[in-house]
Amino acid sequence: MNKPDIREQLKQRILILDGAMGTMIQKYTLGENDFRNESLKDHPKPLKGNNDLLSITRPDVIKAIHLEYLNAGADILETNTFSGTTIAQEDYGCEHLVYAINFESAKLAKEAADEVTAQNPDKPRYVAGSMGPTNKTASISPDINDPGKRAITFDELRIAFKDQAKALIDGGVDLLLLETIIDTLNAKAALFGIQELFDEGVREVPIMVSATITDASGRTLSGQTTEAFLISVEHMPLLSVGLNCALGAAAMRPYLQVLANKAPFFVHVYPNAGLPNEFGQYDESPEFMGQQVEEFLKDGFVNILGGCCGTTPDHIREMAKRAEKYQPRHEKVEA
């Protein structure tokens, strides 16, 4: 389905990104058998919890979640591929399924987006290929007694992210979203791999890059401030740069403001529904979270708004309703 360039949409209005996938999957109370199909019936490792695999084994669940978010007002869907690299899939012994996981996840999200776009062509829906940070970092030692030790190399990350991006693009995504970046070197490896793909003739798509501030110091886990992170990635012609996860919306404000003031790209933000409680649950209601993010809208900080951990279609519906009243950020955009 032909859709207008997302850059033109971003100049006209604030676009809404969807909410948490894991939060929605939990509501289905799936068991081990839901993560298996005929080809995986004898897989030697437990697979429950490998949510990306559900795009293959329970596509009905994943598509239903996508449709819920679209019907709540999401303009951009994320694929169910947060852990879709060979690095992350190694824990489950599913490295051999990485291409299929990403390809099928992209295809599934595209089907849902196209169905809803067909119902209202004036509001096109886009698919962003989700590329999570992996469970290994290139900058931080896994051994406190050996600061120089690394669990993975830049080239291993480059290859893993390149393979993931290729499958997502083959599956039909409109964008790529590097998200929850805690180590900027991992992100740079991903960007390098993606650029290699483009240089090799693979269809070029816009790229979103999203960092995570891990505590009140205002730094990523690898120690960068928001401005340092921006400087580290702005050599790439990104669609947007922004923040997600970790802190609740209110605590994100000073770091989002840095990006709003300095980024030469569109700016996005998708916070958690607060911080997790002692049971690992997120307590901020759609109304409360809507009030928090509306402050970003009033100040003209964002072009794309959505939700991360703990958010649901009700949260996204509330954000979409509030976003309609405001103009998108314009300053410093080079589209």
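So Pro4 ticks every box in (1) over 30 Å from Ala249 (Cα atoms); (2) modelled with pLDDT of 95 or more but one. Which box is left unticked?
Condition (2) is where Pro4 drops out.
Against the conditions (1) of a type in the set (Phe, Trp, Tyr); (2) surrounded by 17 or more Cβ atoms within 10 Å (Cβ to Cβ); (3) in a loop (DSSP other than H, G, I, E, B), where does Tyr69 fall short? Just the number, please.
It fails just one condition, (3).
Listed here are the residues, each with its yes/no results for (1) within 30 Å of Glu287 (Cα to Cα); (2) out of contact with any helix residue (DSSP H, G or I) (no Cβ under 6 Å at 6 or more places or on another chain); (3) among the small types (Gly, Ala, Ser).
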{"site": "Ala187", "(1), (2), (3)": "no, yes, yes"}
{"site": "Ile207", "(1), (2), (3)": "no, yes, no"}
{"site": "Ala211", "(1), (2), (3)": "yes, no, yes"}
{"site": "Asp215", "(1), (2), (3)": "yes, yes, no"}
{"site": "Gln224", "(1), (2), (3)": "no, no, no"}
{"site": "Leu238", "(1), (2), (3)": "no, yes, no"}
{"site": "Asn261", "(1), (2), (3)": "yes, yes, no"}
{"site": "Val267", "(1), (2), (3)": "yes, no, no"}
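Kindly indicate the residue of the range 315-335 that is farther than 17 Å from Leu77 by Cβ and assigned to a helix (DSSP H, G or I) and also nearest to the chain's Cα centre (by Cα) among those meeting that condition.
So the first thing to find is which residues in the range 315-335 are farther than 17 Å from Leu77 by Cβ, and the list is 318, 321-322, 324-335.
Going one step further and asking which of them are assigned to a helix (DSSP H, G or I), we end up with 318, 321-322.
Values: Glu318: 20, Lys321: 22, Arg322: 22 Å.
Per the criteria, the residue is Glu318.
Just checking, does the range 142-154 include any residue being of a type in the set (A, V, I, L, M, F, W, C), in contact with a Phe, Trp or Tyr (Cβ under 9 Å, 6 or more places away or on another chain) and assigned to a helix (DSSP H, G or I)?
Within the range 142-154, the first condition is being of a type in the set (A, V, I, L, M, F, W, C), and the residues that meet it are 144, 151-152, 154.
If we keep only those that are in contact with a Phe, Trp or Tyr (Cβ under 9 Å, 6 or more places away or on another chain) too, we end up with 154.
If we keep only those that are assigned to a helix (DSSP H, G or I) too, we end up with 154.
Within the range 142-154, one or more residues are of a type in the set (A, V, I, L, M, F, W, C), in contact with a Phe, Trp or Tyr (Cβ under 9 Å, 6 or more places away or on another chain) and assigned to a helix (DSSP H, G or I).
Would you please name the residue that is farthest from the chain's Cα centre (by Cα), looking only at residues in the range 11-53 that are of a type in the set (Lys, Arg) and part of a loop (DSSP other than H, G, I, E, B)?
Kept after step one, since they are of a type in the set (Lys, Arg), are these residues of the range 11-53: 11, 13, 27, 36, 41, 45, 48.
This time we only want the ones that are part of a loop (DSSP other than H, G, I, E, B), so: 13, 27, 36, 41, 45, 48.
On the way: Arg13: 20, Lys27: 20, Arg36: 25, Lys41: 30, Lys45: 27, Lys48: 22 Å.
Among residues in the range 11-53 that are of a type in the set (Lys, Arg) and part of a loop (DSSP other than H, G, I, E, B), the one farthest from the chain's Cα centre (by Cα) is Lys41.
Here are some conditions: (1) touching a helix residue (DSSP H, G or I) at 6+ places or on another chain (Cβ under 9 Å); (2) under 21 Å from Ala64 (Cα atoms); (3) aliphatic (A, V, I, L, M); (4) outside any loop (DSSP other than H, G, I, E, B). Ile169 meets all but one. Which one does it not meet?
(2)
When you look at Asp114, is it charged (D, E, K, R) and more than 30 Å from Ile14 (Cβ to Cβ), yes or no? Outline the logic, then answer.
Values: charged (D, E, K, R): yes; more than 30 Å from Ile14 (Cβ to Cβ): no.
No: the conditions fail for Asp114.
Tell me yes or no: at least one residue of the range 272-279 is closer than 21 Å to Arg7 by Cβ, in contact (Cβ under 8 Å) with a residue 24 or more places away in the chain and either of a type outside the set (A, V, I, L, M) or out of contact with any His (no Cβ under 9 Å at 6 or more places or on another chain) (or both).
Step one: filter the range 272-279 for residues closer than 21 Å to Arg7 by Cβ, giving none.
The answer is no; no qualifying residue exists.
Identify all residues within the range 133-157 that are crowded, with 20+ Cβ neighbours inside 10 Å and of a type outside the set (Ser, Thr, Tyr); write none if there are none.
Matches in the range 133-157: Pro133, Lys136, Ala138, Leu157.
Among the residues of the range 267-289, is there at least one that is at pLDDT 95 or above, in contact with a Lys or Arg (Cβ under 8 Å, 6 or more places away or on another chain) and within 21 Å of Leu177 (Cα to Cα)?
Yes, that holds for at least one residue.
Which pairs do you get when a residue that is touching a residue at least 40 places away in the same chain (Cβ under 8 Å), found in the range 155-182, comes within reach of a residue that is among the aromatic types (Phe, Trp, Tyr) and in a strand (DSSP E or B), reach meaning Cβ atoms under 8 angstrom, with the pair 6+ apart or on two chains?
That search, which allows pairs on different chains as well, returns Asp174/Tyr126; Leu175/Tyr126.
It is to be established whether one or more residues within the range 98-116 are more than 17 Å from Ala72 (Cβ to Cβ), hydrophobic (A, V, I, L, M, F, W, C), out of contact with any helix residue (DSSP H, G or I) (no Cβ under 7 Å at 6 or more places or on another chain) and part of a helix (DSSP H, G or I).
Taking the range 98-116 first, the residues more than 17 Å from Ala72 (Cβ to Cβ) are 98-108, 110-111, 114.
Then keep just the ones that are hydrophobic (A, V, I, L, M, F, W, C); that gives 98, 100-101, 103, 106, 108.
Narrowing the set further to residues that are out of contact with any helix residue (DSSP H, G or I) (no Cβ under 7 Å at 6 or more places or on another chain) leaves none.
No, that holds for no residue.
Can you tell which of Lys41, Lys63 is charged (D, E, K, R), closer than 28 Å to Leu10 by Cα and either surrounded by fewer than 19 Cβ atoms within 10 Å (Cβ to Cβ) or in contact with a His (Cβ under 9 Å, 6 or more places away or on another chain) (or both)?
On the way: Lys41 fails: closer than 28 Å to Leu10 by Cα.
The conditions single out Lys63.
The values are calculated or read from the model by the stated rules, or taken from the named source; none is laboratory data. Just so we're clear, the structure is a prediction, and the values are computed from it rather than from any experiment. In this analysis, Cβ positions are derived from the backbone assuming ideal geometry, glycine residues included, and neighbour counts consider all displayed protein chains.
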